[in-house]
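The structure appears below as structure tokens.
The values are calculated or read from the model by the stated rules, or taken from the named source; none is laboratory data. Because the structure is predicted, anything quoted here is derived from the model rather than measured. Counting neighbours? That spans all protein chains shown, and the Cβs are built from the backbone with ideal geometry, glycine included. When the accessible area is computed, the model is the full protein with side chains, heavy atoms only, and any ligands, DNA or RNA have been set aside. Shrake-Rupley method; radii C 1.70, N 1.55, O 1.52, S 1.80 Å.
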Amino acid sequence: MWLLPILPASPQRTGLVRLAALSPPVHQRAQVHYYALPSRSALNREASGRMPFAWTLNPYRGCEFGCKYCYARYTHEFMEMWESVDFERKIYAKVSMPDLLRAELRQARDKGLPIALGTVTDPYQPAEKRFGITRRVLEAFTSITGLTLSLTTKSLLILRDLDLLVRLAQQHRFSVHMTIVTTDEHLARQLEPKAPPPARRFEAVARLTAAGVRVAVNAMPILPGLTDSRAALEDLVRRAAASGASAVHCNLLFLKPSAMKEFMPFLQREFPHLVARYRQLYARSAYLGGEYRERISALMAELRKRYGLANRENLPAAAAKGTPTYGAAGQLRLPLG
Ligand code: SF4
């Protein structure tokens, strides 16, 4: 059933705010509302030249997984939604994306530039069960060959599309990036309340690699005092290797104001002993650097070597020089190591 839009459109509302206002609600489940967001194009050009990809696709705005550290909450602010929880409860599905993509693919291929799916929100979040946009996007990618293509997720729903992923691996230079920040199941539930347990994600990595799909594990973000011990990181890298992953990528937590708004109250509730440390770490910048960064970088390099894993496989020169890259369905990555 098509209901009324949540906001009346007015001449004053322009661009994305207006599109969001015009998006009809199409479904509701518990506290989560889903809207059909009109799109003008499927591929977004990554214009900075600093990323390891040139085009991005995100079939959904907002993400129901609701990770406490998610940096992408700011994207709802573009729609003038300022409550942090709106990001998890107002999900916008770009229903026309697959059709738009078919028209744009040839141009992307002719330019020979990498395409990344799921750079801001998870393309296999729960909404995908209903809307199937990611599956139709993958189908569109099978209509041509020769792309450099990656997909980032935390979701087991990816296995639904194993047939398509295998085809993509045969037709393109294709990799899946499975985000796993910790092997501690309890901690994962606290940090990523609605995402699948890490053990199940490792199982998904094993199934994908057994089917011939190249998979990297995105260990990002690394959270100071929570996931950054040698034992924790070694367990993660060891299990990534045991699951057949070919690489482990990582980055440190960064906290922009929109992410801080959600993360700091969470820390206060669950890990009050860390609050002062985080305030100090992020007092001057949203990014961590210096000795801490170097230490984690060296540790990850050592662990990768021990377990025979790569870091940033096959990335273009700009990324290899240490410029920021995006991935992990919602966590910026500053290459380490
Ligand atoms: S970190 Fe990724 S999976 Fe988690 S809420 Fe953000 S976009 Fe979704």
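Think of the chain as a dipole: +1 on every Lys or Arg Cβ, -1 on every Asp or Glu Cβ, centred on the Cα centre; then among LEU138, ALA219, LEU299, LEU138 lies furthest on the positive end. Once neighbouring chains are kept in place and the probe is 1.4 Å, which whole percent of the accessible area of the chain is contributed by carbon and sulfur? Heavy-atom surface of the chain belonging to carbon and sulfur, 1.4 Å probe: 53 percent.
Over segment 15-325, Cα pairs under 8 Å with separation of 6+ residues give a relative contact order of 17 percent. Springs join every pair of Cα atoms under 10 Å in this Gaussian network model of the chain, and among ARG214, ARG160, ARG61 the largest mean-square fluctuation is at ARG160. Reported to the nearest whole Å, the Cα centre-to-centre distance from segment 134-211 to segment 88-124 is 16.
Couplings for segment 168-184, taken from phi via the Karplus curve 6.51 cos²θ - 1.76 cosθ + 1.60 with θ = phi - 60°, read 4, 5, 7, 8, 10, 8, 10, 9, 9, 10, 9, 7, 9, 9, 7, 9, 7 Hz in order; Gly and Pro are left as x. A simple spin-label model places the labels of ARG238 and THR142 3.9 nm from each other, with each point 7 Å out along Cα-to-Cβ.
Once backbone amide H atoms are built at 1.01 Å from N, ALA247 has VAL217, ALA310 as its partners under 5 Å, excluding neighbours fewer than 5 places away on the same chain. The overall shape of the chain, judged from the alpha-carbon gyration tensor, is oblate: a/c is not under 1.5, and a/b is no greater than b/c. Rolling a 1.4 angstrom probe over the protein heavy atoms with all chains in place gives segment 15-325 an accessible area of 40 Å² per residue.
For the chain, CYS63, CYS250 have no disulfide-compatible partner, since no other Cys C-beta lies under 4.7 Å from theirs.
For the chain, lysine pairs separated by 8 or more sequence positions, or belonging to different chains, with Cα-Cα distances below 17 Å total 11.
Within the chain, DSSP assigns beta bridges of which about 30% are antiparallel (rounded to the nearest 5).
Couplings for segment 276-281, taken from phi via the Karplus curve 6.51 cos²θ - 1.76 cosθ + 1.60 with θ = phi - 60°, read 4, 5, 5, 4, 6, 4 Hz in order; Gly and Pro are left as x.
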